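To start, the structure itself, in structure tokens.
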Amino acid sequence: MPPGTINARIEAKLAPLLGPNMARNATRTFCQRTLQMEPEALTPADVPRLLAALRPALRTLLGAATAEHLLDEITREFR
Amino acid sequence: MKQPRRHLRFQALALTTLVIGLIPASFAVSIAEPVRLASAFFGWANAMYLFAAGGMLVAALTFDRGERLRPAWLMVSASYLVLVPALIRIGPKASGLFVEAVRAPWTDSAASIVSGALAVSGFLLLSRAWRASGLDTTSPAGRLVAQLVALAVAGAMAGPELVEKLPAALGGDVNAIGDVCTDLLDGSLFVVAIPVLRAALVLGGGLVAWPWVLLTASLVSWLGYDATAVYGGAAGLDARTVRVVEEVFRTLGAAFAFSAGIAQRWVMTEAE
């Protein structure tokens, strides 16, 4: 997968709910905070850890059921 | 579904809420007799408080037990609900329309204090949930500036009445004590709610922004209510107009609260 495409796909999944700016910021912030890497360097193997880091934020805003549904959808994209 | 279409019903909800806010003005146009107008405002305010409480209860119950936002929505819902029995006990208010002794002033003060305390607690929980989400990337300097602006606004709204009523409150006047407590709670509400405004701004363009935007609109409406009460006379408005504008802002405050609750529910069901 070319560099920069994984974060773009995750951002595209988050953007309808979080807005384009927050989707980009959240992906960048949690990549840097949790994985100590830039989002452009993400590999498919990093995705589960990134999603685990995003989980509490999404559960707070969307509730557990809706957040898990969204996270499952993103996970399926990278299987 | 395409993104603009997903926003359509939220936009319709916001627009409808704005139109509902104008209804007290239409009462004022069609009812000239002051006592009848006060009765119309009385019934309308009760209905709007019940709608606000109901809409927010819907939001609370969409979250499961133990989720952070559930108690926050519940408390803000209760802050509207507690006003209803007090309003019914007091009956139509003469304020600005005709002269009559204030009925059950203690009931009014007590309900306002309980409602204010519940609203501040609810918004504090909403704000804490937003900060705990880790999505708030505002710099510490940005947060400080926002808090200072909120403090200035709170001071401008609550300050004049606080200065006027504080000596009497310190002298033991129970009505003045009630007014001072209400002013302090109203002022605190704007300060603790600042993160809600930040959330509305940074989530812009996403469906999740809608409940936060509508909550912000509700707060701004209550700010308008306070500003009219404090500065309406000084701005040259006659007593009847001040009362009508207050009722418009009261309706907007409650109606946007209702819409915020419904929007929260829609966001969660839309995403499932």
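Just so it is clear, none of the values below were taken in a lab; they were calculated from the coordinates. Keep in mind it's a predicted model, so treat the numbers as computed, not measured. Using ideal geometry, Cβ is built from the backbone for each residue, glycine included, and neighbour counts are taken over all protein chains shown.
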Is one or more of the residues making up segment B:77-85 within 13 Å of chain A (Cβ to nearest Cβ), small (G, A, S) and assigned to a helix (DSSP H, G or I)?
no
I'd like the full set of residues that are of a type in the set (G, A, S), buried (at least 16 other Cβ atoms within 10 Å of the Cβ) and either over 18 Å from B:V202 (Cβ atoms) or away from chain B (no Cβ under 13 Å) (or both), limited to segment A:24-64.
A:A53, A:G63
When segment B:247-266 is checked residue by residue, the ones that are touching a Gly at 6+ places or on another chain (Cβ under 7 Å) and closer than 28 Å to B:G96 by Cβ are B:V248, B:F249, B:T251, B:L252, B:A255, B:A257, B:F258, B:S259
Would you check if B:W222 is surrounded by 21 or more Cβ atoms within 10 Å (Cβ to Cβ) and either free of Cβ contacts under 8 Å to residues at least 40 places away in the same chain or not in a helix (DSSP H, G or I) (or both)?
yes
Which condition does B:R89 not pass, out of (1) without any contact (Cβ under 8 Å) to a residue 60 or more places away in the chain; (2) of a type in the set (K, R); (3) out of contact with any Ser or Thr (no Cβ under 7 Å at 6 or more places or on another chain); (4) part of a helix (DSSP H, G or I), if it passes all the others?
(3)
What single numbered condition from (1) over 26 Å from B:F42 (Cβ atoms); (2) away from chain A (no Cβ under 14 Å); (3) within 16 Å of the chain's Cα centre (by Cα); (4) not β-branched (V, I, T) fails to hold for B:A141?
(3)
Which condition from (1) away from chain A (no Cβ under 14 Å); (2) of a type in the set (A, V, I, L, M, F, W, C); (3) under 18 Å from B:V192 (Cβ atoms) is the one that B:A132 breaks?
(1)
